[in-house]
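Every read-out reported here was derived from the displayed coordinates using simple, explicitly stated rules and does not represent laboratory data. What you see is a predicted model; the values in this text were computed from it and never measured. Methodologically, a virtual Cβ is constructed for each residue, glycine included, from the backbone with ideal geometry; neighbour enumeration extends over all protein chains shown.
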Amino acid sequence: MSPALSQAAFRIGDSATGIITPMNPYVFLTPALLRQYEPEARLGTLISRLSIFVVPFLTVWLAILSVFYGFDLPLGPGAHIGLE
């Protein structure tokens, strides 16, 4: 396994769950905007509504990575799937 493949796998996991993590810089801005339309909405409401997107994003990203892995396509210039 090349370092590019492990970095791609890490970025896939990070980008899929980044929408619901409390470390997201916009996680405290979006509930304020949501409260304009739903005054009872809190942080848990936002995370529960966004969590349904995690599994489809992860599925699509892993499918794209499996296409690259299955056809032995390079991940970038000089970044092969396996070590040479």
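Would you calculate, for the chain, the mean residue ellipticity at 222 nm contributed by helices, counting each DSSP H stretch of 4 or more residues as -39,500 (n - 2.57) and dividing by all residues, to the nearest 500?
-18000 deg cm²/dmol
Membrane-span-like helices in the chain: DSSP H runs reaching 15 Å or more (Cα, own axis), mean Kyte hydropathy at least 0.5?
54-70
If packing is taken as the average count of other Cβ atoms within 10 Å, what order do 49-56, 70-77 fall into, highest mean first?
49-56, 70-77
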